[in-house]
Amino acid sequence: MEYQSFLPVGLSQGSPLWWPNPNYRPSDNIAEGPAGALNASSLLEARGNWLRLAPVLDVVFPDGSDTEIQSSLIEIGNHGFDGIGLLAKCDHDIRSTGSIKGRGGVYEVLMFAEMLANSHGLNVSAYPIGLLSQEAGDLFGRYRILVGSTGNLGFSVGVTARRLGFAVEVHMSREAKSWKKERLRRFGVAVVEHDDDYSVAVSSARRAASGDPFSYFVDDEHSLTLLLGYSSAAFEICQQLKQSDVAVNEQNPLYVYLPCGVGGAPGGITLGLKYFFGPHVHCIFVEPVASPCMLVQLAAGVSGPVDVYACGLSNDTIADGLAVAQASLLVAETAGPQIAGVATVSDDDMIRWVHDLWISDSMRLEPSGAAGFAALARHGRDIRKSLGGKEGTTIVWTTGGAFLPDAEWKAVFEEGRKALERCG
Ligand SMILES: Cc1ncc(COP(=O)(O)O)c(C=O)c1O
């Protein structure tokens, strides 16, 4: 196929690589996005929505310390990355949802609930806590929210929607871990298991919702609302860097490593970061060697979908959250020119970092959550060089893991130790 000539050498063989995006336009910012659907004012509006709805989150997540879905930005041990300012953005430790998908899933459920309540005369915009009233719960109980997920989006949507009173159905791909399914069932979510990949799970959920006025489908492949929810992380980063006196400018650019599955979470965050930092932030998407769906989509161009199977790859990876064969075309189109490039990493590298980050920094990560560190270790030097060579500040996004049950966690940790031994 013609686009295959654009694919980097080694991709089809599953070699870890850094692919600088030839269509990267560092100065593009959100205001230039297609059709103006995602622009500065929609980002600011989303931020306002989060702030307005914070009292609801306090009640929905009584065990979380978040009034929004937020995580800390911390300095991290050197790990041999000499001379770079290294920070970790700890979404793995978000108390309420446990992953990067929380900002999107929670936000979209809240937006739908608010719209529904307002359209039934409950006027919750003026009084958001009314979303938790008996009257609102009775209304929501007549509706079903559906979503396709490898696990973490389903959890964010499932928990929030169940606490508001909705019925929830999560369609899960074969990669989804059993403990993630069981966790959902405990919240009263109907889990539909598919012996197929993520795209099939998403389209099954879409089909199950279509034509039913009492069903609402959260579309991880096409939802602008999800992207806006994710984008709120950029406001956090901006405040956190200010508090830490880290300047971002031409001399001190920001490199951000974002694990990518379908692309929604890293895409939304990229759009938000570009709004704040323009050409001085470089967002690097990180994908498993078997599932570089955003890389192949950006390399092939966005005129039609291309999946990793067409490139001879299996989509078989230990990183369940990143096991996606077909990227979101919405993200590829909207955020594509703002993505500096894509780095791919092996399963062995990810689990070694799961091991190392526990030893060094007591971070409990799932393999997807450690992908950013694997990419920095393997490709960081090349990435910096291809983006102008300045040392700057590096943020690695640790995207999930705190909720791993002990047995799961120990098994991954042990695998990581073995992988370390194998490579000496
Ligand atoms: C832990 C973790 N990290 C990263 C991602 C990637 O997010 P997205 O699929 O929106 O690209 C996911 C997706 O589920 C995830 O669960």
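The values are calculated or read from the model by the stated rules, or taken from the named source; none is laboratory data. Just so it is clear, the model here is predicted, and its values are computed rather than measured. Because the Cβ atoms are built from the backbone with ideal geometry, glycine has one as well, and the counts that use them run over all protein chains shown. Ligands, DNA and RNA are stripped out before the accessible areas are found, and what is left, the full protein with its side chains, is counted by its heavy atoms. Shrake-Rupley method; radii C 1.70, N 1.55, O 1.52, S 1.80 Å.
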* Asked: When the accessible area of the chain is split by element with a 1.4 Å probe, what percent falls to carbon and sulfur?
  -> 50
* To do: Would you mind giving the average projected area, over all directions, of the Cα convex hull of the chain in nm² with one decimal?
  => 19.2
* **Of all DSSP beta bridges in the chain, antiparallel share, percent nearest 5** => 15
* Nitroxide proxy distance, nm - points 7 Å out along Cα→Cβ at residue 120 and residue 196 -> 3.3
* For region 239-295, what mean projected area does the convex hull of the alpha carbons give, in nm²? -> 4.4
* region 41-122 - convex hull of alpha carbons, volume per residue in Å³ -> 113
* Structure fact -> In order over region 328-335: 3J(HN,Hα) from phi, Karplus 6.51/-1.76/1.60, θ = phi - 60°, whole Hz, x for each Gly or Pro, gives 5, 5, 4, 5, 4, 6, 7, 9
* Once the Cα atoms of helix 102-119 and of the chain are each reduced to a long axis, what angle between those two axes, in degrees from 0 to 90 to the nearest 10, is obtained? -> 30
* What does the charge add up to near residue 384, with Lys and Arg as +1, Asp and Glu as -1, over the other residues with Cβ less than 9 Å from its Cβ? -> +1
* GNM top mover of 45, 175, 108 - the chain, alpha-carbon springs below 10 Å -> 45
* Structure fact -> Per the Kirkwood formula over distinct C-alpha pairs, the hydrodynamic radius of region 76-130 in angstrom is 14.3
* So how tilted is helix 40-60 from the main axis of the chain? Cα-based, degrees 0 to 90, rounded to 10. -> 60
* Is there a pair in 385/418; 180/418; 181/410; 101/385; 177/274; 89/181 whose C-alpha atoms are over 22 Å apart, and which pairs would that be? -> 385/418; 180/418; 101/385; 177/274; 89/181
* Using modelled amide H (1.01 Å from N, peptide plane; none on Pro or chain starts), what sits under 5 Å from the amide H of residue 215, excluding residues fewer than 5 places away? -> 144
* Convex hull of region 288-424 built on C-alpha atoms - directionally averaged projected area, nm² -> 9.4
* Send over the per residue convex hull volume for region 102-218, Cα only, as a whole number of Å³. => 85
* Asked: Residue-wise, which Karplus ³J(HN,Hα) couplings in Hz belong to region 122-132, taking 6.51 cos²θ - 1.76 cosθ + 1.60, θ = phi - 60°, and x for glycine or proline?
  -> 8, 6, 7, 5, 7, 9, x, 4, x, 4, 9
* Asked: What nm distance separates the two modelled labels at residue 238 and residue 309, each placed 7 Å from Cα along Cα→Cβ?
  -> 4.2
